[in-house]
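*Asks:* Please find one structure pasted underneath; my questions will follow.
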Amino acid sequence: MNRNIVIFGNSMTAHQTAVAFQEKGFPVYMITPDDASVSAGYAGKMASDHFSINCLTHAHLNGLAGYANQFNIDLKTDDGSKILEAGGIVIAEDVVREANHAAYGLAMTPLTPGLSVILHRIGDSPVVPENWAGITTVVFLLNLSAENHPIMARETMMAAKTLRSEMGIKTYVLTGNLKVADDGLEAMYQDCRNAGVVFVKFTETRPRIDHGNGQSVEIDFVDEITGDRFFLRPDLVVVDERILAAPGLKHLARVMRLELDDGGYIQADNVHRLPVYTNRKGVFAVGGSRGVPLSESADTDIANVCTGIDGVMTGRTVTPGAKALIHSGQCIRCLTCYRVCPYAAIMLGVRPEVISDLCERCGICAAECPREAITISDYANPVIAQQIARHVSASGAMQSPFLVAFCCGRSAIPSKNLALADGHSLPSNLLIIEVPCAGSISIDYLLSAFRHQADGVLVLSCHTGNCHSEHGNRYVRQRVENLLERLAVIGVEPNRLQLTTIAANMPAEFAETVTRFEQQIIQLNQVKP
């Protein structure tokens, strides 16, 4: 086991994470493609107080081999290539902020600064007159061009209140949809109004902003509530900003085989990745890398990643049970398993190999393998077939119809258990087969149920974005759709196979789904020739 911690990023959160690990006795390496000048002050203090933190600047990730506790990180530096060994990796890039000047038809000038510029001026010297000399009126533009991150509302209101209450500057906030749903934002909005900040909300119209001569900005608009027309010539027009994922995340994700969400942040839209986990064990994301730029979240993220690293290094995060096994005699090295594994648990050598400690037993690799060269012993196709056969043998002349439901162990099974606990009745001849993930439900599973005279086969998977394996529900949907096209050829009505998504906290819906499916199959049986 290697105790080195490698941190990618040059954000304040990256430096704070480095210090936290160093104070816990971990050797720490910080990797950044730039020269660390952005955080030079903090980095200098860190270098003097924490001697075991190694900063590698102008370093780029070339490759990543190995796995948690045994990572080999290939870096390209100004001095050539360098290999680092690490037990854990933390990605701590900052978000990128881009002012929305173009959306308002404005040029970036001293009269039209972005919000970050104003926050910097306020933070540097809010009470020094020279910093705000001659400025009597400031207009903030917020959410007029598009929906923005709630942090824009927070920072805009903070700046507006400071200018109004501490400097006596007339302050206006022209806003579209003012997002105040986050913690404390509604109270902050009321505080701003009480301090004298004027909010003007636009729903159907937009203010006209004229910056034609470059020497002044003129704004006129009609108040949508009173119908009155207003004209402003502010000394500053502060433009809101978009919060974007750091461009470097895409490269890190590609090399490390990490999943990104639609915004380019690491973690993907998966509730099971929260708070700081990625799909690859031993690799964590904090702060802006996972789309959380609020500084107050940094301490929580750092505490969570320290706990996560400790869990990986002590083996507490290893999933119990039989793991996927690749049978070398059947494997033709097509690398399907390597491509589809959501946990990067397949390593390549002479033949692909499953790293047992990384395998989460999702079964996606086994179900997708074109040669059936991969098995999970307690979920192998013959085991499932025997389970169905035993039920048929034991049920004897039980009431028709005979239904088989393949249920995800993380969603449908808890939902079923709650349904029974709540007193819901389920079909009398319903065989429920628990699988670790719906992604493990192969076409052979489904055909086996029909071969054993099942009248109907139901597949219950997680909702989109709720799958622990991220894509398990997508894979099983593709297989079900594929089989639906072929059922008629073998003499089975397509309506006898159905896929439904369900969450773990939906007991009534579980009972309703299986009961409704039973009624559907009864009707099919009544009209069956």
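Nothing in this text is a laboratory measurement; each read-out follows from the coordinates by a stated rule. Values in this document were obtained by computation on a predicted structure and should not be read as measured data. For neighbour counting, all protein chains shown are included, and Cβ atoms are generated from backbone atoms with ideal geometry for every residue, glycine included.
*Asks:* Determine, for each peptide in 514-521, 3-10, the mean count of other beta carbons within 10 angstrom over its residues, then list the peptides with the highest first.
*Replies:* 3-10, 514-521
*Asks:* Any idea what the alpha-carbon Rg over 2.2 N^0.38 Å comes to for segment 380-527?
*Replies:* 0.98
*Asks:* Here's something else I'd like to know. Could you sort out which of 76/250; 24/323; 76/323; 161/201 sit more than 25 Å apart by Cα distance in this structure?
*Replies:* Distance filter (> 25 Å) returns 24/323; 76/323.
*Asks:* Another question, if that's okay. Would you kindly work out the equivalent ellipsoid of the chain from its C-alpha gyration tensor and give its semi-axes, the square roots of five times the eigenvalues, largest first in whole Å?
*Replies:* 53, 33, 19
*Asks:* Let me ask you something else. For the chain, give me every cysteine whose Cβ has no other Cys Cβ within less than 4.7 Å, ordered by residue number.
*Replies:* Singleton cysteines: 55, 192, 306, 331, 334, 341, 359, 369, 407, 408.
*Asks:* Evaluate the Debye formula for segment 325-376 with equal point scatterers sitting on the alpha carbons, no solvent, and hand back log10 of I(q)/I(0) at q = 0.12, 0.26 Å⁻¹, in q order, two decimals.
*Replies:* Summing over Cα pairs of segment 325-376 leads to -0.19, -1.01.
*Asks:* Continuing with the same structure: Taking amide H atoms as placed 1.01 Å from N in the peptide plane, list the residues 5 or more away in sequence, or in a different chain, whose amide H sits under 5 Å from that of residue 140.
*Replies:* The list, which skips near neighbours in sequence, is 172, 173, 174, 238.
*Asks:* Mind putting a number on the dipole of segment 325-376 about its Cα centre? Charges go on the C-beta only, +1 for Lys and Arg and -1 for Asp and Glu, and I need it in Debye to the nearest 20.
*Replies:* In debye, rounded to 20, segment 325-376 gives about 160.
*Asks:* How large is log10 of I(q)/I(0) for segment 97-243 at q = 0.11, 0.18 Å⁻¹ when the intensity is taken from the Debye formula with one equal scatterer per alpha-carbon?
*Replies:* After summing over all Cα pairs, the log10 values are -0.37, -1.09.
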